[in-house]
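Q: Below you will find the structure I want to go over with you.
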Amino acid sequence: MSVYTQLTDEQFAAFCQSFGVSFARAIPITQGIKNSNWFIQTTDDNDGDYSYVFTLFEERPPSDIEKMAVILNQLNGTLPVAAPLARIDAGTDSDADDKRYVIHYDDKAITVVPCLAGAHPEQTTQAMCHKMGASLAVLHASLQELQPAEKYGVALYPWAEVRDREIRFMPSDEAKLMGDIWQSYTDLPLETLPKGLCHLDMFADNTLWNLEEGNEKLTGLLDFTEVSVDHYVMDIAITINDFCTTWGGAEEGETVNFDRHKMAAFLQGYESKRTLNEDEKRALPIMLAKAAVIFWLLRLNVIHYNRTEGRTGDNIMVKNPDLMKRLAAYHWTHVEKAQDTVYVLEHARYKDDNKDNDVEDFKLIGVFATEQQAQATIEQLKSKSGFKDYPNGFHINAYPLGKINWAEGFSAD
């Protein structure tokens, strides 16, 4: 990732020695936008080889990075992760033991982790998306063992504050897009969506692969600094947004091409390990749009932070926020198409509550903007007098607005 804090070779050598690493050379890693990272070449490495990654965390407090070390050790052996090295100078007292994976430097945390084999994929395939979906589900399941989850997850970033700051400077159409998506997310039945520890930044450039064509293998999951308690479907949406999108370079006009076949493969992979409930499936289209908004805001926030901190130089990389804006608009178009449908909830009282029998009574209960609202109404009514004796009589029909649902005539007989 970008290099913001400069260290001398003497500092690198001293820090690496604390982890039992014999330092020879540090090579800046300039991809990414949050922390300062270097490859570490040891005295035992051949020229051009690197054994470790040295990270100085620019924004997260050391206490957050200590939590991250516990999480990585929980996943180690189940998924391909790089667990931080233990400090050999931590001592034996309890306080030092709690911080055995982290060095503090100017109120910032430093870790050293082994290099993982593999490369970042420039493009993904449906097979890779399937494998990534399955791996994310395993991650969610494995981290359920860390309880209470809030003890291990860092606080979610206050994106609403960034939204309120940035939206004042946006063109009206962009502000409306962001506001509409945010409101639709707020209107979801969030309490019904399963939650737990989530990665929340699983982009392709935070993964490593053996990219042998036709036999791609996941070899590394990276950057666990954002692990927080959130809805699993949000983590799914964030990962889908990058893995299932082809981002065109500057020479291609920075195009944004979302592949729904890749998304289907990802979801099949995920559900091979953990089944999504119906509320999660219904929430996913809005979550995809909201996830794009979050990363739109993240990139705007990086620009704001670099400007206020006076960060400049060739080692500073800024990702284009407009790409995420365009992805958010794409997903919102699909949500709006779905919103052009109304859901009619009816109840038919069948003889003996058997749908194969004649209807003895019929009630139009209501017309709703979403299927979730219609389903919630069924839950509200099914225990009430009369309805509880005929639970099979509820049915929901979807009707597109502005279209004739019955275009043929009928017999008067």
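The values are calculated or read from the model by the stated rules, or taken from the named source; none is laboratory data. Remember, it's a predicted structure, so these values are computed and weren't measured experimentally. Here the Cβ is made from the backbone with ideal geometry for all residues, glycine too, and neighbour counts use every protein chain on show.
Q: Counting only residues that are surrounded by 12 or more Cβ atoms within 10 Å (Cβ to Cβ) and among the charged types (D, E, K, R), which one in the stretch 173-187 is nearest to ASP230 (Cα to Cα)?
A: Filtering first and then ranking leaves ASP187.
Q: Okay, next question. Could you list all residues from the stretch 224-237 that are in contact (Cβ under 8 Å) with a residue 60 or more places away in the chain and hydrophobic (A, V, I, L, M, F, W, C)?
A: PHE224, VAL227, VAL229, ILE236
Q: Among the listed residues ALA127, ALA155, identify the single one that is over 30 Å from GLN373 (Cα atoms), among the small types (Gly, Ala, Ser) and surrounded by 14 or more Cβ atoms within 10 Å (Cβ to Cβ).
A: Result: ALA127 is the single residue among ALA127, ALA155 that is over 30 Å from GLN373 (Cα atoms), among the small types (Gly, Ala, Ser) and surrounded by 14 or more Cβ atoms within 10 Å (Cβ to Cβ).
A quick yes/no check of all residues on (1) at pLDDT below 85; (2) surrounded by 13 or more Cβ atoms within 10 Å (Cβ to Cβ); (3) assigned to a helix (DSSP H, G or I); (4) not assigned by TED's automatic domain parsing to the domain that holds ILE167:
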position: ASN315; (1), (2), (3), (4): yes, yes, no, no
position: LYS319; (1), (2), (3), (4): yes, yes, no, no
position: MET324; (1), (2), (3), (4): no, yes, yes, no
position: ALA328; (1), (2), (3), (4): no, yes, yes, no
position: TRP332; (1), (2), (3), (4): no, yes, yes, no
position: LYS355; (1), (2), (3), (4): yes, no, no, yes
position: GLN372; (1), (2), (3), (4): yes, yes, yes, yes
position: ALA376; (1), (2), (3), (4): yes, yes, yes, yes
position: SER383; (1), (2), (3), (4): no, no, no, yes
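Q: Which pairs turn up if I take residues in the stretch 238-261 that are at negative phi and assigned by TED's automatic domain parsing to the domain that holds ALA291 and look for partners that are at pLDDT below 90 and of a type in the set (Asp, Glu) with beta carbon separation below 7 Å, at least 6 apart in sequence or on another chain?
A: GLY248/GLU254
Q: Within the stretch 45-66, is even one residue among the small types (Gly, Ala, Ser) and within 27 Å of ALA149 (Cβ to Cβ)?
A: Yes, the conditions are met somewhere in the stretch 45-66.
Q: Name the residue, out of ALA175, ALA109, that is without any contact (Cβ under 8 Å) to a residue 60 or more places away in the chain and closer than 25 Å to THR333 by Cβ.
A: Numbers: ALA109 fails: closer than 25 Å to THR333 by Cβ.
ALA175 is the lone residue from the list that is without any contact (Cβ under 8 Å) to a residue 60 or more places away in the chain and closer than 25 Å to THR333 by Cβ.
Q: For THR308, are the conditions met, namely being free of Cβ contacts under 8 Å to residues at least 40 places away in the same chain, assigned to a loop (DSSP other than H, G, I, E, B) and among the β-branched types (Val, Ile, Thr)?
A: On the way: free of Cβ contacts under 8 Å to residues at least 40 places away in the same chain: yes; assigned to a loop (DSSP other than H, G, I, E, B): no; among the β-branched types (Val, Ile, Thr): yes.
When the stated conditions are applied, THR308 does not pass them.
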